[in-house]
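Written below as structure tokens is the structure these notes are about.
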Amino acid sequence: MTRLAIVSAMHEELAAVLALMAGAQQHRVAGREFAVGKLHGHEVVVVLSRIGKVAAATTATVLLERFGISQMLFTGVAGGLAAQARVGDVVVATEFLQHDMDAAPLFPTYEVPLYGLSHFKTDAALTAELELAAETVLQRGLLDASTLHAFGMQQAQTHQAQTHRGLILSGDRFVSTRAESQRLQQALPEALAVEMEGAAVAQVCHDFGVPFAALRTISDRADDDAHADFLKFVERVASRYSAAILAQFFTHRAR
Ligand code: ADE
């Protein structure tokens with residue numbers, strides 16, 4: 001039977017899903033709470049990784065070594081980099097890159113030394129499942145009305161939220177100036193969004209040969225307003241996106 005891990009960095013990104021796991025078995029390992037149980041009838045392990053690449057890699061490794069998971073999903077928020085990645089949109093990752101990895105001149109900038117790789121691909125089949133779920137939720141308006149209302153930001157009300165697929169950047173920095181966001185866009189023009197964990201989990205899953213997929217809702221534009229937008233979004237909206245998209249994801253899955 002498939003045992004799926006569901007990971008977010010912060011409680012605010014997963015609160016609505018964790019609420020559904022109230023009866024689950026709790027295991028404390030490496031300072032994290034792993035909830036083992038069923039979600040919409042499917043066997044899952046749900047955990048908060050904390051923030052940053054090392055915290056995410058530790059969490060992913062514990063999931064793989066101690067909990068015998070066979071697939072990994074990450075869900076959370078990200079800063080939008082590409083113009084089309086607007087607040088309230090969803091980005092499904094096809095690949096990840098660490099934008100703060102630079103061992104030049106020993107290795108090309110962004111390449112993870114001794115892997116010969118800078119881009120770590122997500123699993124095509126799992127990613128397609130996640131993308132279909134996200135598209136269905138956004139197109140059919142399955143986020144409850146109060147979610148977008150609670151959002152209180154103009155963007156989500158004035159445009160139909162979209163699903164995008166492509167490259168997501170990760171690094172141990174909250175990108176909170178337009179100057180830094182523009183530098184990233186110029187250096188890596190195909191990047192859609194930036195966050196702080198995904199590439200680390202992608203690398204660990206690559207090492208273990210376990211399928212990985214990731215979904216990020218755009219909480220801010222990684223610009224001078226990023227800090228305020230991020231806080232407002234995670235407090236009011238983020239976990240409802242995760243809960244709605246995961247509920248849809250599981251309706252298509254065989255048990
Ligand atoms: N996660 C959400 N917004 C982010 C940003 N602007 N930079 C890094 N990680 C983020």
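See the values below:
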read-out	value
Complete set of residues in the stretch 83-140 that are open to solvent by less than 50 Å² (accessible area, probe 1.4 Å), touching a residue at least 40 places away in the same chain (Cβ under 8 Å) and of a type in the set (S, T, N, Q)	94, 98, 122, 127, 136
The stretch 57-88 - residue that is of a type in the set (Gly, Ala, Ser) and within 15 Å of residue 194 (Cα to Cα) and, of those, nearest to the ligand (Cβ to nearest atom)	79
Residue under evaluation residue 33, criteria (1) more than 16 Å from the ligand (Cβ to nearest atom); (2) of a type in the set (Asp, Glu); (3) modelled with pLDDT under 95, criterion not met	(3)
Members of the stretch 215-233 that are open to solvent by less than 10 Å² (accessible area, probe 1.4 Å) and farther than 14 Å from residue 135 by Cβ	216, 218, 219, 220, 222, 226, 233
Unmet criterion (only one of (1) within 22 Å of residue 130 (Cα to Cα); (2) free of Cβ contacts under 8 Å to residues at least 12 places away in the same chain) for residue 63	(2)
Filter result for the condition that a residue is free of Cβ contacts under 8 Å to residues at least 24 places away in the same chain and touching a helix residue (DSSP H, G or I) at 6+ places or on another chain (Cβ under 9 Å), over 53, 38	38
Within the stretch 190-214, tally of residues that are assigned to a loop (DSSP other than H, G, I, E, B), closer than 19 Å to residue 70 by Cα and either open to solvent by less than 10 Å² (accessible area, probe 1.4 Å) or touching a Ser or Thr at 6+ places or on another chain (Cβ under 9 Å) (or both)	2
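The values are calculated or read from the model by the stated rules, or taken from the named source; none is laboratory data. Bear in mind that the values here come from a model prediction, so they are computed numbers and not experimental data. Methodologically, a virtual Cβ is constructed for each residue, glycine included, from the backbone with ideal geometry; neighbour enumeration extends over all protein chains shown. Just so you know, the surface numbers come from the protein's heavy atoms only, side chains and all, with ligands and any DNA or RNA stripped out. Shrake-Rupley method; radii C 1.70, N 1.55, O 1.52, S 1.80 Å.
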